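Each reported figure results from applying straightforward, stated rules to the coordinates on display, with no laboratory input. Only a predicted model underlies this, so the values are computations on that prediction, with no experimental measurement involved. A quick note on method: Cβ atoms are made from the backbone with ideal geometry, for glycine too, and the neighbour counts reach across all protein chains shown.
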Amino acid sequence: MAFDSARTSEASDRRPEQAIGHANGGALVPGLKNGATPPPTYLTHRLRLNPNSDHRPDNYEGLDLEFSPLIFSSLERYLPPNLLHQARDVKLNYMSEILLRYYPENERIRLQKHREYRQKIISNYQRLHLELYNNMHPTNFFVPSFLKAINENTEQAFRNIMSEPSPGIFTFEMLQPRFCEMLLAEVENFEKWVHETKFRIMRPSTMNKYGAALDDFGMRKMLEKLMEDFIRPISKVFFPEVGGSILDSHHGFVLEYGIDRDVDMGFHVDDSEVSLNVCVGKQFSGGELFFRGVRCDEHVNTETKPEEVFDYSHVPGSAVLHRGRHRHGARATTAGNRMNLLLWCRSSVFRESRKYQKDFSSWCAECKREKKERQRQSVAAIDMKEITGHAEEGGANCSLS
Ligand SMILES: [Zn+2]
C-alpha cells in the first residue's frame, strides 16, 4: 500500500535550527500551500459565562493533547450542562475546537494537518517494541548512576555523574545498552515500513534527509516524560537563565549518519532552550560534535573566541546536554553508522519574555562582552571626569592664591 501523506503542513516543530554562515545552510521550511481548508467556525460550540463550581472535572493528564491538561479540567466547568456528564473524549473534542478558534489561522491549519499526519502513521505502522511507547520503565531505560542522581536531585548529585569539559556543555552516561538496541531496531523497522509503503514522511529537521521524528510515530508521551522528569530537573540547576526550570514542550527525534545516510551536519543553533543529544549506536568513525560558543540571534554570526572551541567524540549510551543557542555542528561520519537521539526542550514563557529583551548577557557570550565593555567605558569616563574635575578645582585654587 502507498500513502500520499500530508507534506504540506508547515512543520514549525522542526523549524530548523538556524543555520550559521553558509556551511550546509538549512533550507527554510516552505510556507503553507494555497488552497488549504478554511478554518471551521464551530458556531454551535459555546461555553457558559459562569462556571458550574459544583462540578468535578475529569482528569486530562497523560493524554496526547495540544494544550495543557490543566486548561481542559479548568475549562470543563464552563461547558453547557448537557455536556458535563458526557464521556471525556466528547468533552475534550468540544473544548479543543473552542480553544483552536483562538489560534492564528495558519497555526490552526498546521496543527490540524499535522494531527492527521500523525494519526495516519499511528494507525498504519506496526510497532516493534511496545515498551518504547507505553509507560516508561526508567530502570530499563537508564543506567543506575543516572537514575541515582535524578532521585537525589541536587546539584552535587548531578555534578558527581557529569563532566563539564567546556563551560555549559555537560556530558554523562545515560542510556542502557538494551534501550539503545531497542531504539535502533525500532527506527530500522520504521525506515523499512516507510520504504515499503512509500509513505512520505517529514524528516525531523530541514537539514536532514534521514532520521525520524519520534513524536510523529507515537513516542510523544514517553519523550514528554523524559523531558519533565529527567531533563528539566538538571536544566533547572544548570540552565536557569534560559528557562531551564520551566521547559514545557519538546521536539524529539533521531538522526542517522553514515555513508548511506546523512553524512554531517552544518554549523547551526537549535530551535530549543536546552538540547539533549545522546548517541544510540552503532559502530562508527568520525561524527564528532564541534561547539563554538553561545550566541543570541543578533550575535549568531560573530567570531569564535579560542576558549570557545570544543570538540566532542560520541560514545554510545552517553549524553551531551547544552543550551540550544550553543553553536555547533557534526563532522562527517566517515565509516559505519551512527544514530543519535535528540530532544529539543523549549520554554514558551522564556520565548515570550525574550521578545521584550535586548540584553542577553546572562547567556550570550557576545552580549556579555559588550556589557563588560560598556561598564569599562563608563568607569573610565567617571575616572576621567574626576581627574579633569580635580584639575579644574586645582586650577581655580591656583588662581585664587
Ligand atoms: Zn548577544
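Rg and Dmax over the alpha-carbon atoms of segment 37-124 stand at 13.9, 43 Å.
When the trypsin sites (Lys or Arg not before Pro) in segment 273-341 are filtered for DSSP coil states and for at most 16 other beta-carbon atoms within 10 Å of their beta-carbon, the remaining sites are LYS282, ARG331. Taking Cα centre as origin and charging only the Cβ of basic (Lys, Arg, +1) and acidic (Asp, Glu, -1) residues, the dipole magnitude of segment 37-124 rounds to 180 debye.
Taking only Cα atoms, what is the 0 to 90° angle, nearest 10, from helix 177-197's long axis to the longest principal axis of the chain? Roughly 60 degrees between the two axes.
Placing unit charges on C-beta atoms (Lys and Arg positive, Asp and Glu negative, everything else neutral), compute the dipole magnitude of the chain about its Cα centre in debye, rounded to 20. Before the final figure, lay out the partial values.
Numbers: 53 positive and 55 negative charges, 186 e Å.
Dipole about the Cα centre, nearest 20: 900 debye.
Take the residue pairs LYS225/LYS355; LYS148/LYS236; LYS120/LYS221; LYS305/LYS368; LYS305/LYS371 and return only those whose Cα atoms are more than 20 Å apart.
On the way: LYS225/LYS355 28 Å; LYS148/LYS236 17 Å; LYS120/LYS221 18 Å; LYS305/LYS368 13 Å; LYS305/LYS371 17 Å.
Those over the limit are LYS225/LYS355.
With respect to the chain, whose longest principal axis is taken over its alpha-carbon atoms, helix 365-400 is tilted by about 20°. Among the GluC sites (Glu not before Pro) within segment 301-361, those in coil by DSSP and having at most 15 neighbouring Cβ atoms inside 10 Å are GLU303.
Going toward the positive end of the dipole of the chain, with +1 on Lys and Arg Cβ and -1 on Asp and Glu Cβ, which of LEU184, PHE290, VAL143 do you reach last? Result: LEU184.
For GLN357 and GLU181 in one chain, what is 0.36 nm times their gap in residues minus the Cα-Cα distance, to one decimal in nm? Computed gain between GLN357 and GLU181 is 58.9 nm.
A simple rule links phi to the HN-Hα coupling: the Karplus curve 6.51 cos²θ - 1.76 cosθ + 1.60 with θ = phi - 60°, which for segment 127-139 gives 6, 9, 10, 4, 4, 6, 9, 7, 4, 6, 9, x, 5 Hz, with x for Gly and Pro.
With a cut-off of at most 15 other beta carbons within 10 Å, and DSSP calling the residue loop, which trypsin sites (Lys or Arg not before Pro) in segment 133-215 qualify? Please list them. Please list the in-between numbers first.
On the way: sites: LYS148, ARG159, ARG178, LYS192, LYS198, ARG200, LYS209; in loops: LYS198, ARG200, LYS209.
The qualifying sites are LYS198, ARG200, LYS209.
When segment 37-124 is described by a simple charge dipole with +1 on each Lys and Arg Cβ and -1 on each Asp and Glu Cβ, the residue from LEU75, HIS114, MET95 located farthest towards its positive end is HIS114. The Cβ shell under 14 Å around HIS55 holds other residues with a net charge of +2, Lys and Arg each +1, Asp and Glu each -1. Principal-axis analysis of the Cα atoms of the chain puts helix 105-124 at an angle of about 50° to the longest axis. Positive end of the dipole of the chain, charges at C-beta (+1 Lys, Arg; -1 Asp, Glu), about the Cα centre: which of PRO104, THR44, ILE234 has its Cα farthest in that direction? Result: THR44. Computed about the Cα centre, the dipole magnitude for segment 130-354 is approximately 160 debye when only Lys and Arg (+1) and Asp and Glu (-1) carry charge, each at its Cβ.
Just check segment 130-354 against the gyration tensor rule for me: Cα atoms, a ≥ b ≥ c as the square roots of the eigenvalues, rounded for a/c under 1.5, and otherwise prolate or oblate depending on whether a/b exceeds b/c. Rounded, since a/c falls under 1.5.
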